[in-house]
Amino acid sequence: MSRSDSSAVSAGIAERILVLREQRVLLDVDLAALYGVSPKRLNEQFKRNTAKFPTDFAFRLDINELRILRSQIATSRWGGRRYLPIAFTEYGAIMAASVLNSPRAVEVSVYIVRAFVKLQQVLASNTKLARQLEELQKSVATLDARTRKQFEEVYRAIRALMAPPAAESRPIGFTADIGKGR
């Protein structure tokens with residue numbers, strides 16, 4: 001897998017990571033798609049190897065969590081499932097790769113770990129930056145009105161930079177010449 005392919009895979013994984021029960025997780029449907037197996041096969045291996053999946057590795061969602069999740073996503077990706085989804089933490093995703101024992105699962109597990117680490121770094125840096133910005137705001141409170149107004153503009157600009165970038169929208173229709181620099 002080339003470097004650009006691996007960064008695209010990591011970005012795709014990061015988009016699928018959710019926060020449930022104060023843990024970052026991947027749902028069984030998403031993890032199965034990444035590993036190139038059916039959700040049924042992943043869930044079978046989960047059931048057959050329950051001793052390898054303590055609650056800090058994987059857990060089954062309850063009905064309230066599923067309702068909240070569906071309302072956040074707006075459309076159901078799960079259709080008519082008979083069982084509640086399983087959420088895999090970073091460690092659970094790695095363990096799933098070992099119980100699936102397929103070359104693709106082993107390869108993708110590396111990218112999953114990298115995506116979890118990158119997400120953790122981004123969250124930590126934003127927390128640190130927000131704390132520093134708050135301290136700066138407190139120290140500026142003693143300045144005159146004109147200077148405070150200028151700093152408020154700076155704060156707004158910094159917060160705008162901290163926000164995740166908006167997804168680029170592509171025009172509808174034939175777009176073969178987009179990105180060629182013409």
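The values are calculated or read from the model by the stated rules, or taken from the named source; none is laboratory data. Bear in mind the structure is a predicted one, so any value in this text is a computation, not a measurement. For neighbour counting, all protein chains shown are included, and Cβ atoms are generated from backbone atoms with ideal geometry for every residue, glycine included.
One table, with the values for the structure above:
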| read-out | value |
| --- | --- |
| Elements of type helices (runs of 4 or more DSSP H) contained in the stretch 70-170, each with 3 or more residues being more than 15 Å from L27 (Cα to Cα), among the charged types (D, E, K, R) and modelled with pLDDT of 70 or more | 103-140, 145-162 |
| Among residues of the stretch 101-116, those that are surrounded by fewer than 21 Cβ atoms within 10 Å (Cβ to Cβ), farther than 16 Å from I17 by Cβ and in contact (Cβ under 8 Å) with a residue 24 or more places away in the chain, counted | 3 |
| Wholly enclosed helices (runs of 4 or more DSSP H) of the stretch 1-65 bearing at least 2 residues modelled with pLDDT of 90 or more | 28-35, 39-48 |
| Within the stretch 117-134, considering residues that are in contact with a helix residue (DSSP H, G or I) (Cβ under 7 Å, 6 or more places away or on another chain) and not polar (S, T, N, Q), the one surrounded by the most Cβ atoms within 10 Å (Cβ to Cβ) | L119 |
